[in-house]
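Here the structure comes first, spelled out in structure tokens, and everything after it is commentary.
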Amino acid sequence: MSIQLAKLSEPAVRDFVAAVNAHDRTAFRAVLTPDATMSDDGTERDLDEWTEREIFSSHGHLDIDKEKAGGRSLIARYSNDTWGEMRTRWDFVVEGGKVTRFETGQA
């Protein structure tokens, strides 16, 4: 059973998930700091290139199963047109109401 978006504890993470699921590039960039960074399965990635490929052009979608660390750590079923659905973890660093870093990978 998924956690409803409105129930996520951390506002910046809630906005991140909402932007991903709406495929809204503008809202997505608005929740990130200009110098935000990310990694996928422990490998540093170019944020713009990765998000375009893994989220926006492939219709990425997050269904949240569990949150921890005050809403800054999620376990989710992530799906996109490229990979189908997989169980993933998402960890966020939030400063000043914006995401400065996120790390994702298989859970």
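The values are calculated or read from the model by the stated rules, or taken from the named source; none is laboratory data. This is a predicted model, so every value here is computed, not measured. Because the Cβ atoms are built from the backbone with ideal geometry, glycine has one as well, and the counts that use them run over all protein chains shown.
Can you pull out the residues in segment 15-38 that are under 16 Å from Ser57 (Cα atoms), touching a helix residue (DSSP H, G or I) at 6+ places or on another chain (Cβ under 7 Å) and charged (D, E, K, R)?
Correct list: Arg25 only.
Quick one: how many residues across segment 66-107 are of a type in the set (Gly, Ala, Ser), within 24 Å of Arg53 (Cβ to Cβ) and part of a loop (DSSP other than H, G, I, E, B)?
The qualifying residues number 1.
Every residue, every condition in (1) outside any strand (DSSP E or B); (2) surrounded by fewer than 18 Cβ atoms within 10 Å (Cβ to Cβ); (3) among the acidic types (Asp, Glu); (4) over 14 Å from the mean Cα position of the chain (by Cα), yes or no:
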| position | (1), (2), (3), (4) |
| --- | --- |
| Ile3 | yes, no, no, yes |
| Val13 | yes, no, no, no |
| Val17 | yes, no, no, no |
| Val20 | yes, no, no, no |
| Thr26 | yes, yes, no, yes |
| Ala30 | yes, yes, no, no |
| Thr37 | no, yes, no, no |
| Glu49 | yes, yes, yes, yes |
| Glu52 | yes, yes, yes, no |
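Mind listing just one residue for me: the one in segment 82-107 that is surrounded by 14 or more Cβ atoms within 10 Å (Cβ to Cβ) and hydroxyl-bearing (Ser, Thr, Tyr) and, of those, farthest from Phe28 (Cα to Cα)? Lay out the reasoning, then the answer.
Initial filter on segment 82-107 (surrounded by 14 or more Cβ atoms within 10 Å (Cβ to Cβ)): 88-94, 98-105, 107.
Filter again for hydroxyl-bearing (Ser, Thr, Tyr), leaving 88, 100, 104.
Working: Thr88: 19, Thr100: 12, Thr104: 16 Å.
This residue is Thr88.
Only one residue in Ser79, Ser9, Ser73, Ser57 is surrounded by fewer than 16 Cβ atoms within 10 Å (Cβ to Cβ) and either touching a residue at least 12 places away in the same chain (Cβ under 8 Å) or among the hydrophobic types (A, V, I, L, M, F, W, C) (or both), so which one is that? Steps first, answer last, please.
Working: Ser79 fails: surrounded by fewer than 16 Cβ atoms within 10 Å (Cβ to Cβ); Ser73 fails: surrounded by fewer than 16 Cβ atoms within 10 Å (Cβ to Cβ); Ser57 fails: either touching a residue at least 12 places away in the same chain (Cβ under 8 Å) or among the hydrophobic types (A, V, I, L, M, F, W, C) (or both).
Every option except Ser9 fails the conditions.
Considering only residues that are among the aliphatic types (A, V, I, L, M), more than 23 Å from Thr33 (Cα to Cα) and modelled with pLDDT of 95 or more, which ones fall in segment 77-107?
So the first thing to find is which residues in segment 77-107 are among the aliphatic types (A, V, I, L, M), and the list is 86, 93-94, 99, 107.
Keeping just the survivors that are more than 23 Å from Thr33 (Cα to Cα) gives 86, 107.
Of everything in segment 77-107, just one residue is among the aliphatic types (A, V, I, L, M), more than 23 Å from Thr33 (Cα to Cα) and modelled with pLDDT of 95 or more, namely Met86.
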